[in-house]
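> Got a structure for you, written out below as structure tokens; questions coming shortly.
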Amino acid sequence: MHTKYKTGKKVDPSNPDTIPKFEDELPIPAVAKPRTAIKGNPYYEISMKQIQHRYHRLFPTTTVWGYDGMHPGPTIKVRKNEKISVCWKNKLPRKHLLPIDRTLHESAGPPDVRTVVHLHGANVAWESDGHPEAWFSRDFAETGAAFRRKVYEYTNRQMGATLWYHDHAIGITRLNVYAGLAGFYLIEDPVEKQLKLPKGPYDIPLMIQDRSFRSDGSLFYPENTTPPAPVNPSVQPFFIGNTIAVNGKLWPKLSVEPRKYRFRILNASNTNAYTLRLGDGRAFHQIATDGGLLEKPAELTALPLEPAERSEVIIDFSKHKGKKIILQNTNDDGNMGVIMRFDVVLPLKGRDSSEIPDKMMSDELILDENKADKTRLLKLDAIQDEYNRPVLLLDDRMWHDPVTEKPVIGDTEVWKLINVTNFPHPIHIHLIQFKILHRIPFDLERFNQDGHIQYTGPPIEPEIHERGWKDTVKAEPGMVTSVIMQFTENPGEYVWHCHILEHEDYDMMRPMRVVEKDC
Ligand SMILES: [Cu+2]
């Protein structure tokens, strides 16, 4: 049964051409409230539940998974260095919402519905990092080999930043995140008190996710590849939806005042990358990357975002009273070329005293490539499995192969990501924030013949929008992408992986053991 829209056309959730855009106001996720305080520190309990969610006002409801019954989950707000703890609870049904490929990581026979929460971008002890094998089933009835604790502790010893929490369970991260398990986690930096950035109702998070639906409004995720693999269900080499949700609504609109706004933009899609642009091509100011505020704002007209990347921008609507401005995605045209719309229709509620500052953060930590303690050459490539499906790999190893990346506390490391595949991979390293040094093109054809890295050009500086602290980097095909980082605390068992979730699950993820220095 399809709802009739005012044009008389039927709205069919499976056909994006029939779905009218800018019908729903953008929802702003509620802020999570602590349940109590333990030793003076806020303690939260957040339960994952199966819920009914409306992606569009003309859609029937869709069954999704949400944190605390919300999709996206509630926003957790903390101050830098403020300790909090969270008991993440699994209250999900025993049957998974989406098709599970039992050929991946199933040797130990874990339950279909397993979850574990990773706080993406956080400096956190490993037992609270959401290790993929620290999964737990409903009510902690079963737990994975790396499970250590029910209550996670976050010390927030890092710059203020827009982080996000999402599911990270081994072999099914793509399904759990697509089912709805993602939310914002904002760390406020004391520096922000002195800066007159737009705040309160003028500071808005935007979580961008692509989605596909069946005609009945249920979430669609393919059961098999095209052409089909002999195992069913089968993991996909990628997934791209045919609609765009922002904060859980399809192509929403946001009514704004003619003034400056701060937007914290996150690409929480499984595979899809976006390049954001304002409809009239107008410039805006980027103020932060994944890891926090930049030294000074960067003026941009286009903002690329790979999966898991965050960027904060200030958009000034003051000269655009009455206008409707579309936020576009120039990587695509048609339906996928539209993200949402800003309608400058609200009256100004008082003078806009916010500013785009000249300077924001002074960079305390200077990392010098020439003084690195360790340089690692790490190849991104692919093989085929017994069913002729691609298996994406990091340095020719699979997830369960013995750990090879063992950074030492106190060391500065350079990782050179040699992408010998034909497409970009957003590589995420847990625990730390890094800086991008450069990308150097090399002869991919020659490499595929004899394994030799023949550089074909000079190093290319990171793009303007990538010149801050990062935890996810676009490793371009045919390039060696170098990042530099320092390991300062928290020895233990972490991971690094591609953030295309279909790659991460099969099998582009590796353990990373952070170790104490030998005395
Ligand atoms: Cu990848």
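The values are calculated or read from the model by the stated rules, or taken from the named source; none is laboratory data. Computed from a prediction, not measured in an experiment: that's the story for all the values here. With ideal geometry, Cβ positions are generated from the backbone for all residues, glycine too; neighbour counts draw on all protein chains shown. Heads up: the accessible areas ignore ligands, DNA and RNA and are worked out on the full protein's heavy atoms, side chains in. Shrake-Rupley method; radii C 1.70, N 1.55, O 1.52, S 1.80 Å.
> So what are the three principal axis dimensions of region 247-371 from its Cα atoms, in whole Å, longest to shortest?
For region 247-371, the Cα spread along each principal axis is 54, 39, 24 Å.
> Can you tell me the length gained on complete extension of the stretch residue 452 to residue 15, counting 0.36 nm per residue apart and subtracting the Cα distance?
The residue 452-residue 15 span can extend by a further 152.6 nm.
> Which percentage, to the nearest 5, of the DSSP beta bridges contained in region 18-118 is antiparallel?
60 percent
> Ignoring ligands, DNA and RNA, what percent of the 1.4 Å accessible area of the chain is carbon and sulfur?
Carbon and sulfur together cover 49 percent of it.
> Determine the shape class of region 18-141: with a ≥ b ≥ c the square roots of the Cα gyration tensor eigenvalues, call it rounded for a/c under 1.5, and otherwise prolate if a/b is greater than b/c, oblate otherwise.
Oblate, because a/c is 1.5 or more while a/b does not exceed b/c.
> Let me ask another. At a 10 angstrom cut-off on C-beta neighbours, averaged per residue, how do the peptides 310-316, 341-347 rank from highest to lowest?
310-316, 341-347
> Still on this structure, I have one more. In whole percent, what relative contact order does the chain give with Cα contacts below 8 Å and a gap of six or more residues?
14 percent
> Also, quick follow-up: Work out the length of the dipole vector of region 190-260 about its Cα centre, built from +1 on the beta-carbon of each Lys and Arg and -1 on the beta-carbon of each Asp and Glu, and round it to the nearest 20 debye.
In debye, rounded to 20, region 190-260 gives about 480.
> Which FRET efficiency, nearest 0.05, do residue 330 and residue 518 yield, Cβ-Cβ r, R0 56 Å?
Calculated transfer efficiency: 0.65.
> If you don't mind, there's one more thing I want to ask. From the C-alpha coordinates alone, can you work out the Kirkwood hydrodynamic radius of region 361-493, in Å?
16.0 Å
> Can you spot the aspartates and glutamates whose alpha carbon is less than 17 Å from residue 10's alpha carbon? Ignore those fewer than 8 places along the same chain.
The qualifying aspartates and glutamates are 23, 216.
> In addition: For residue 80, give me every one of the lysines with a C-alpha distance below 19 angstrom, ignoring sequence neighbours fewer than eight places off in its own chain.
Partners within reach: 33, 39, 193, 196, 199, 470.
> To continue, here is another question. Defining a contact as two alpha carbons under 8 Å apart and six or more residues distant in sequence, what relative contact order in percent does region 126-277 show?
Taking the mean separation of contacting Cα pairs over the length of region 126-277, I get 21 percent.
> Using 0.36 nm per residue, how much length does the chain from residue 384 to residue 353 gain when fully extended, once their Cα-Cα distance is taken away?
Gain on extension, residue 384 to residue 353, equals 5.4 nm.
> Can you tell me the length gained on complete extension of the stretch residue 296 to residue 321, counting 0.36 nm per residue apart and subtracting the Cα distance?
The residue 296-residue 321 span can extend by a further 6.2 nm.
> Compute the accessible area per residue over the chain, keeping the other protein chains in place, probe 1.4 Å, unit Å².
Value for the chain: 40 Å² per residue.
> So in the chain, what percent of DSSP beta bridges are antiparallel if you round to the nearest 5?
Roughly 75 percent of the DSSP beta bridges within the chain come out antiparallel.
> Also, I was wondering about something else. By average Cβ neighbour count within 10 Å, what is the ranking of 165-175, 381-391, 410-420 from highest down?
Answer by packing, highest mean first, reads 165-175, 410-420, 381-391.
> Report the FRET efficiency, 1/(1 + (r/R0)^6), for residue 368 and residue 489, where r is their Cβ-Cβ distance and R0 is 22 Å, rounded to 0.05.
The calculated FRET efficiency here is 0.60.
> Now a separate question. Among 448-459, 251-262, 395-406, how do they line up from the highest to the lowest mean number of other beta-carbon atoms within 10 Å?
Most protected by this proxy first, the peptides run 251-262, 395-406, 448-459.
> Could you let me know the centre-to-centre spacing of region 331-383 and region 74-92, using Cα atoms, in angstrom?
24 Å
> Please express the Cα-Cα pair-distance distribution P(r) of region 19-84 as a list of whole percents, one per 10 Å bin, running from 0 to the bin with the greatest distance.
Taking all Cα pairs of region 19-84, the binned fractions are 19, 38, 26, 13, 4, 0 percent.
> May I ask you to list the residues of region 19-54 whose amide nitrogen lies under 14 Å from a point 7 Å from Cα along the Cα→beta-carbon direction of residue 255?
In region 19-54, the label zone of residue 255 (backbone N under 14 Å from the point 7 Å along Cα→Cβ) covers 23-27.
> Any idea what the alpha-carbon Rg over 2.2 N^0.38 Å comes to for the chain?
0.94
> Regarding region 448-519, what's the average projected area of the Cα-atom convex hull, expressed in nm²?
8.0 nm²
> For region 38-157, what's the relative contact order in percent, using C-alpha pairs closer than 8 Å and at least 6 residues apart?
26 percent
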